[in-house]
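**Q** The following block contains the structure, expressed as structure tokens.
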Amino acid sequence: MGAGGSAGKKAPPSPGYPEPADQKPVASAPSSAASTGNPVAAVPTAQKPPPAPKAADGEAGASQVVGGTWTKPSNTGPSPEDAKVVEEWKAAGRLVEMEGVWCAVPYKITVIAAEGTVEASEAQRIVDEVFGETEKTFSHFVEDSEVSQLNRLAKKTLFKPSPAMKQVLSAASTMNRMTRGAFDPAILPLAAHYKKTPAVEPSSDLIGYSKWSAFEITEEGVTKQHDSAMMDLCGLAKGWAIDEMSRRLKDFGFTASYVDWGGDIKVSGQHPTGRNWTAAVLEPYPLNGSNEPEKAEAEGKQAEHIAHIELRDGQAIATSGDYLQQLLDEKNQKNRCHILDGRSDKKLVQISHHSVASASVVCSSCMLADALATSALAVGETSVRESRKLLEIFTGHALKDPVTDFLLFSRLGPRVVRWRPPGSEAQEHRELRHTSHEEGAHVVIVGGGLAGVSAAVEAVKAKATVTLLEKEAQLGGNSAKATSGINACGTRVQKAHGVDDDVRWLERDTFVSAKGGSSDQGCVSMLASKSAEAIHWLIDELGIPLSELSQLGGHAKKRTHRCPPKADGTPVPVGYTIMQHARAAAMAIPGVSVKTNSTMKRLLQKTREDGALEVCGVEYADANGELQTLSCDAVILTTGGFGFDHSDGSLMKQYRPDLVGVPTTNGSFANGDGMRFGSEVGASLVDMDKVQLHPTALIDPKDPLCHTKYLGPEALRGSGGILLDQQGRRFVNELDLRSTVSAKILEHCEEYHIEGSSEKGRPWSWCVLNPECQQKFGLPMLGFYKSQGLFEEVSNGTVGLAELLGCEEQTIKDTLAEYASACAQKICQKTGKTVFPSKVTEKDQSFVVARITPCIHYCMGGLEISPSGEVLTRKDGAMGKRSKIHRLFAAGECTGGVHGGNRLGGNSLLECVVFGRIAGEKAAAINQKEQGLLSSGTWLPVKLREIRDTDEKYGHNTAVYRFELHGSMQTTGLEVGRYIGIKGEIDGDTVTGFYSPISRPEDNGVIDILCRTDEKGGPIVNLLNSMQPGSSCMMAGMGGVKLKQDSTTGGFTYQGRSIKKLSLLCGGTGLAPAVQVVRAYVNMISKFPEQMPTNPGEGGVKIVYAAETHGDLAFITALDQLKERFPQLISYYLVLNKPPRGWVQGIGFVDGDIIRQRLWFPGSEDHVCVMCGPPIFEKIMCANLAKMGYNRDQYYSFADPTDC
């Protein structure tokens, strides 16, 4: 490509010079230590240059992705146009490439200047300077290097390391501890032993001092515990050098760089074309093939790439592999790798088809990535599972520079494991989904806040065209006014701050806050599961610097993301900043047409051929006030709430008349029009009476009755500010939920009295911040509020504070002393507060004080939506009593069912991004090429939408997994009785399971499967348990009994015969098909009452279910519920081989007598018997039915449909 290097592909050392520790040829010695990096050795630079990169900015050697279903990556890396851009930049002097060899290892470095020409000599100077420092400090091949001096010291002699050495030693200690010894830079003596006698077992004494604990590292320096102890820091030093080069090049002023030394890479900035840099991971050589790159190239073999990894600004990738250095253990006739497992046995890793042949790790520190790639190879001798488990530890908050991606390769299969963030869809699955719908759908989005823009961006990415209507003069809405921040769990930002958080905690906190309302489990799970992806999307795609964290009330973790302050300390308003970037994106993206000053008047509908209604467009008033009609394929409502509307007939008067006249933080545009228009076409409204009062609206003493108020940020309380009533007493945990704090103010505080007037304001309280609180809140932001007259300064300590509050000073002193004591004890017995961001005491001499009052801030209620952003109505359908309004979607504050009774602070912007993006993509994919997704039997990707625990409904250890079809209006295309296959990969192994859907064939957009979630569900349960909403797997339609339903009469047919009588013969865990058939039968009777048998002998469903023990019975609760509703239609009989005491039903095995008595007998033309269970069970039952005179076409076996 010309603007990259090779990542992982390493050249062999030159003859006569020290050999890199992880690159020794087969005939030479193993690497020292478990460090895979190249040692730093002094060698000439006249070496063969690295091979030219292929189809990427660089190559990362040693990996692949498989498991029986792996295919080569579709992304071929940079395009030919990229090469032209690179050459143009070179010609203009803005891009310079430097190539060479240092310490026997090739390097290739690309640097880019912002404008003008690159100072090539300065770039080379920086590179050479770092190379020289690296060699002088870390090369144990250089006699007077710092590490060599340390290795020669006698034990107990203190060695004072340089800052660079100290940094690397600290990282080595961290890696050794966290990998439990797998990474051990102190095994240089052991490596020397293997070099001389590779087949001889090392002595226990040698093993004893060839470990990191043989060195003691303190603040004062390093001491050895054994004279012969030595360390090899090359596994970290190479990465340190790459990190250091990247940092110094950036500090010098180069806007972008691509630093590649021996296949380990770090990037800054972006490629000249404006995209992120890429690295192509190389496929390891097979065990029976060539291990030498030169020989492979001489034989005409081309390097194969197994993945293209995108590297963002500041990211690094390091690769460790076994395929360039293999040692023959002649004694045991085994090939061994140059890597030593630093744990107990200290042996060279044996190479096999099962072992990890390559490990690539991505994080922001190349030094740590290199160490972790080595460690993954060290622990992966028997399988990729151990390597995966090790690296997953580092994807969390364990490191300041967490692992953001990794790729593991094993030759068996071959098998590849690549890390995927929880709840994320595989990229190849997303790409395949986007080929299944018609391109060019026209999507109309009404509302230009964050939800609307998020929807627009994703709709265009899914190949739609978008018209965005906004009734104000510019985009923004209430999103631009948000001040608290945006929540998310498990983000890169949290990990960098050492915050341990995941979906469980955010879900829990959201549900706790939502008590008293209709908080849909599926929507909340989707919100939490996609939260990290939402933050990363804002950072990576919209360029919003959400690098700061705060902890708001109601949160168990620090997870509210904000923008960092300016260099002078001035705070950056998060909502306004997000909308600045969002506006720019909406205006710049081709395919988005923005119409401002355009107000929607109504939704348009039309009747489909099947008689159902669907949305087909909008009517709106344009900027000139003229009515316009806009036809489209789908509409997304992102119109916001109704927090400002107090007009006659307003939603506030209709649902919360008690709040009419209460101040608000909302703009005048928040009048709930989207909710009204949705309701007019049949949308369900939920939680409309749930209106959130924000506790800290700021009262302007000059205009205390003003209807619209400044919002006092959540950070007032989050920084440690305390609330006092008019007598100077605390009355609430300031970090409690907004609803709780608001309620306490209304309950404990007095109404606002206006001097010289009988008119009164709402109850209010004082908000008090001492200097520590002020500093944490941000002095520049505080200065803004002071300039508006909303905060007053108090000097003279509690005397001045009491004077301003108009209360007794002793009360103030007692209150603050009590609070200081609570801070020290970390709990306030009075209010239950346990988090104290700042310590406010009676000894503080200065304060700033504001008057605050609860005001209308947010509407939790609105249009009821599914987790896919589909607007729902109250009708029978796939979602119980709810079905969707076709072609209508919604996101943001105009929706309900997410926040319940009280929104958790920081969840509003998150909701906009998560459901805006989902709705945008779903609307763009509304026109599918195939109406029935699964009818062809082809394996296709599907996304998990929600998981519903069903222990009470269907029995212990059961759950319903709901998957999304590709289109909101698409069906499965499966008949009743057909089953589906699900497959995915765990540690590179493909696992497959088969299920009968319990959703109906006519259901749109979803497919539900009911399954056991314990070990009795089979290996596929491990895959399902590993998935979160948003995760993807593969699904295909399979065979089955194929009961067809007449759309006119509703009746079932089988092989052309009308079926009135159904017998279901089930065994083991095979009851799910029976549940599907029974549900379909009941639904048919409900929709077509004329199909109801007039007497018990004319039709119905009879079930016999056999199992070994009572604990093996599954889904019995479901049958009980159906039997209770339709006792004349449904009956079932249980047979147990090992029944419990007191059992009153069948015992032993299903025989002819049980069939005669409990199923439809004899067989008839209007009857079919469906068997489902273990193959041996079905085979025996087929034989029994045949002996009893049933015709062959009167029974069906899933296990053997052709012979039975």
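The values are calculated or read from the model by the stated rules, or taken from the named source; none is laboratory data. Model, not experiment: these values are computed from the prediction. Positions of Cβ are backbone-derived with ideal geometry, glycine not excepted, and every protein chain shown enters the neighbour counts.
**Q** Among the hydrophobic types (A, V, I, L, M, F, W, C) and over 19 Å from Cys363 (Cβ atoms): is that true of Ala171 in this structure? Before you say what the answer is, go through the steps one by one.
**A** Details: among the hydrophobic types (A, V, I, L, M, F, W, C): yes; over 19 Å from Cys363 (Cβ atoms): no.
Taking the combined requirement at face value, the residue does not satisfy it.
**Q** Please specify each residue of segment 340-364 satisfying the condition of being in a loop (DSSP other than H, G, I, E, B) and out of contact with any helix residue (DSSP H, G or I) (no Cβ under 6 Å at 6 or more places or on another chain). Break it down into steps so the answer makes sense when it comes.
**A** Going through segment 340-364, the residues in a loop (DSSP other than H, G, I, E, B) turn out to be 341-347, 351-355, 364.
Listed by number, the residues that qualify are Gly342, Arg343, Ser344, Asp345, Lys347, Ile351, Ser352, His353, His354, Ser355, Ser364.
**Q** Name every residue in segment 454-473 that is in contact with a helix residue (DSSP H, G or I) (Cβ under 7 Å, 6 or more places away or on another chain) and farther than 12 Å from Glu921 by Cα, in order of residue number.
**A** Filtering segment 454-473 for residues in contact with a helix residue (DSSP H, G or I) (Cβ under 7 Å, 6 or more places away or on another chain) gives 454-459, 462-464, 466, 468.
Listed by number, the list holds a single entry, Leu468.
**Q** Is there a residue in segment 881-892 that is over 30 Å from Leu659 (Cβ atoms), touching a helix residue (DSSP H, G or I) at 6+ places or on another chain (Cβ under 6 Å) and of a type in the set (Phe, Trp, Tyr)?
**A** No, there is no match, as no residue in segment 881-892 is over 30 Å from Leu659 (Cβ atoms), touching a helix residue (DSSP H, G or I) at 6+ places or on another chain (Cβ under 6 Å) and of a type in the set (Phe, Trp, Tyr).
**Q** Here's something else I'd like to know. Looking for something in the same structural domain as Ile998 (by TED's automatic domain parsing), within 30 Å of Arg504 (Cα to Cα) and assigned to a helix (DSSP H, G or I) - is there at least one such residue anywhere in segment 1035-1045?
**A** no
**Q** Just to check your reading of the model, which residue among Leu407, Leu399, Leu390 is more than 30 Å from Leu637 (Cα to Cα), in a strand (DSSP E or B) and touching a residue at least 24 places away in the same chain (Cβ under 8 Å)?
**A** Numbers: Leu399 fails: in a strand (DSSP E or B); Leu390 fails: in a strand (DSSP E or B).
Answer to the check: Leu407.
**Q** Determine whether segment 811-824 contains at least one residue that is surrounded by fewer than 18 Cβ atoms within 10 Å (Cβ to Cβ), closer than 18 Å to Asn733 by Cα, free of Cβ contacts under 8 Å to residues at least 24 places away in the same chain and touching a Leu at 6+ places or on another chain (Cβ under 9 Å).
**A** no
**Q** Please pick out the residue among Tyr979, Tyr954 that is farther than 30 Å from Glu614 by Cβ and modelled with pLDDT of 90 or more.
**A** On the way: Tyr954 fails: modelled with pLDDT of 90 or more.
That would be Tyr979, the only listed residue that is farther than 30 Å from Glu614 by Cβ and modelled with pLDDT of 90 or more.
**Q** Next question, about the same structure. From the list Leu604, Leu627, exactly one residue is over 19 Å from Gly682 (Cβ atoms), modelled with pLDDT of 95 or more and assigned by TED's automatic domain parsing to the domain that holds Gly449. Which is it?
**A** On the way: Leu604 fails: over 19 Å from Gly682 (Cβ atoms).
Leu627 is the lone residue from the list that is over 19 Å from Gly682 (Cβ atoms), modelled with pLDDT of 95 or more and assigned by TED's automatic domain parsing to the domain that holds Gly449.
**Q** Report, by residue number, each residue of segment 484-521 that is crowded, with 18+ Cβ neighbours inside 10 Å, within 18 Å of the chain's Cα centre (by Cα) and of a type in the set (S, T, N, Q).
**A** Asn487, Thr491, Gln494, Thr510
**Q** Can you give me the number of residues within segment 177-208 that are of a type outside the set (Ser, Thr, Tyr) and either in a loop (DSSP other than H, G, I, E, B) or within 22 Å of Glu386 (Cβ to Cβ) (or both)? Before the answer, list the steps.
**A** Start the filter on segment 177-208 by keeping residues that are of a type outside the set (Ser, Thr, Tyr), which leaves 177-178, 180-193, 195-196, 198-202, 205-208.
With the extra rule that they be either in a loop (DSSP other than H, G, I, E, B) or within 22 Å of Glu386 (Cβ to Cβ) (or both), the set shrinks to 177-178, 180-187, 190, 198-202, 207.
Number of matching residues: 17.
**Q** Pick out the one residue from Leu705, Leu693 that is within 34 Å of the chain's Cα centre (by Cα), closer than 30 Å to Val849 by Cβ and either in a loop (DSSP other than H, G, I, E, B) or at pLDDT below 95 (or both).
**A** Values: Leu705 fails: within 34 Å of the chain's Cα centre (by Cα).
Residue meeting the stated conditions: Leu693.
**Q** On to the next question. Checking the condition more than 14 Å from Ala850 (Cβ to Cβ) and among the charged types (D, E, K, R), which residue from Glu759, Glu793 passes? Explain how you work it out, then say what you get.
**A** Values: Glu793 fails: more than 14 Å from Ala850 (Cβ to Cβ).
After ruling out the rest, the residue left standing is Glu759.
Yes/no per residue for (1) small (Gly, Ala, Ser); (2) more than 37 Å from the chain's Cα centre (by Cα); (3) within 29 Å of Val662 (Cα to Cα):
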residue	(1), (2), (3)
His748	no, yes, yes
Gly761	yes, yes, yes
Asn770	no, yes, no
Gln775	no, no, no
Ser787	yes, yes, yes
Ser795	yes, yes, no
Glu808	no, yes, no
Ile827	no, no, no
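**Q** Moving to a separate point now. For segment 705-734, name all the residues that are crowded, with 20+ Cβ neighbours inside 10 Å and either at positive phi or polar (S, T, N, Q) (or both).
**A** Within segment 705-734, Ser719, Gly720, Gly728, Asn733 meet the criteria.
**Q** While we're on this one: Might you let me know whether segment 182-196 holds any residue that is without any contact (Cβ under 8 Å) to a residue 40 or more places away in the chain and among the charged types (D, E, K, R)?
**A** Going through segment 182-196, the residues without any contact (Cβ under 8 Å) to a residue 40 or more places away in the chain turn out to be 193.
Subset that is among the charged types (D, E, K, R): none.
No, the conditions are met nowhere in segment 182-196.
**Q** Exactly one of these conditions fails for Gly447: (1) modelled with pLDDT of 95 or more; (2) at negative phi. Give me its number.
**A** For Gly447, the failing item is (2).
**Q** Is segment 1028-1045 home to any residue that is out of contact with any Cys (no Cβ under 9 Å at 6 or more places or on another chain), surrounded by fewer than 19 Cβ atoms within 10 Å (Cβ to Cβ) and without any contact (Cβ under 8 Å) to a residue 12 or more places away in the chain?
**A** No: zero hits.
**Q** So which strands (runs of 3 or more DSSP E) are wholly in segment 937-1020 and hold at least 2 residues that are buried (at least 23 other Cβ atoms within 10 Å of the Cβ) and either under 22 Å from the mean Cα position of the chain (by Cα) or not small (Gly, Ala, Ser) (or both)? Full working, then the answer.
**A** Numbers: elements: 940-949, 958-964, 976-986, 989-995, 1006-1012.
In segment 937-1020, the matching strands (runs of 3 or more DSSP E) lie at 940-949, 958-964, 976-986, 1006-1012.
**Q** Could I ask something else about it? In segment 100-130, which residues are touching a strand residue (DSSP E or B) at 6+ places or on another chain (Cβ under 8 Å), surrounded by fewer than 21 Cβ atoms within 10 Å (Cβ to Cβ) and farther than 19 Å from Ser268 by Cβ?
**A** The one that is touching a strand residue (DSSP E or B) at 6+ places or on another chain (Cβ under 8 Å), surrounded by fewer than 21 Cβ atoms within 10 Å (Cβ to Cβ) and farther than 19 Å from Ser268 by Cβ: Gly100.
A quick yes/no check of all residues on (1) closer than 19 Å to Leu153 by Cα; (2) in contact (Cβ under 8 Å) with a residue 24 or more places away in the chain; (3) surrounded by 13 or more Cβ atoms within 10 Å (Cβ to Cβ):
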position	(1), (2), (3)
Pro202	no, yes, yes
Glu219	yes, no, no
His226	yes, yes, yes
Ala229	yes, yes, yes
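**Q** Just for strands (runs of 3 or more DSSP E) wholly inside segment 1098-1204: which have at least 1 residues that are under 23 Å from Ala959 (Cα atoms) and of a type outside the set (A, V, I, L, M, F, W, C)? Walk me through how you get there before you give the answer.
**A** Values: elements: 1100-1109, 1130-1138, 1167-1172, 1195-1197.
Here the list reads 1100-1109, 1130-1138.
**Q** Among what's in segment 1101-1159 and is charged (D, E, K, R) and under 25 Å from Cys1011 (Cβ atoms), pick the residue that is surrounded by the most Cβ atoms within 10 Å (Cβ to Cβ). Show your work before the answer.
**A** Going through segment 1101-1159, the residues charged (D, E, K, R) turn out to be 1102, 1108, 1112, 1120, 1123-1125, 1138, 1141, 1151, 1153, 1156, 1158.
After this cut, where a residue has to be under 25 Å from Cys1011 (Cβ atoms) as well, the list is 1102, 1108, 1112, 1120, 1123-1125, 1138.
Details: Lys1102: 21, Glu1108: 13, Asp1112: 16, Asp1120: 13, Lys1123: 17, Glu1124: 9, Arg1125: 11, Lys1138: 13.
Of everything passing the filter in segment 1101-1159, Lys1102 is surrounded by the most Cβ atoms within 10 Å (Cβ to Cβ).
**Q** Are there any pairs with C-beta distances below 7 angstrom linking a residue in segment 135-156 that is without any contact (Cβ under 8 Å) to a residue 60 or more places away in the chain and over 13 Å from Ala214 (Cα atoms) to a residue that is of a type in the set (S, T, N, Q) and surrounded by fewer than 15 Cβ atoms within 10 Å (Cβ to Cβ), with the two at least 6 apart or on different chains, and if so which?
**A** Note: pairs meeting the criteria are Glu146/Ser162.
**Q** Looking only at segment 375-389, how many residues end up being at pLDDT 90 or above and farther than 15 Å from Ile986 by Cα?
**A** Matching residues across segment 375-389 total 2.
**Q** State all residues of segment 552-587 that are of a type in the set (D, E, K, R) and under 20 Å from Lys786 (Cα atoms); if no residue qualifies, say none.
**A** In the first step, residues of segment 552-587 are kept if they are of a type in the set (D, E, K, R); the result is 557-559, 562, 566, 568, 583.
Of everything in segment 552-587, those that are of a type in the set (D, E, K, R) and under 20 Å from Lys786 (Cα atoms) turn out to be Lys566, Asp568.
**Q** Quickly run through segment 895-913 and pick out the residues that are of a type in the set (A, V, I, L, M) and more than 15 Å from Trp505 (Cα to Cα). Give the steps one after another, and end with the answer.
**A** First, pick out the residues of segment 895-913 that are of a type in the set (A, V, I, L, M): 898, 904, 909-910, 913.
Result: Val898, Leu909, Leu910, Val913.
**Q** Out of everything in segment 1158-1204 that is within 11 Å of Lys1061 (Cβ to Cβ) and polar (S, T, N, Q), what residue ends up being nearest to the chain's Cα centre (by Cα)?
**A** Gln1194
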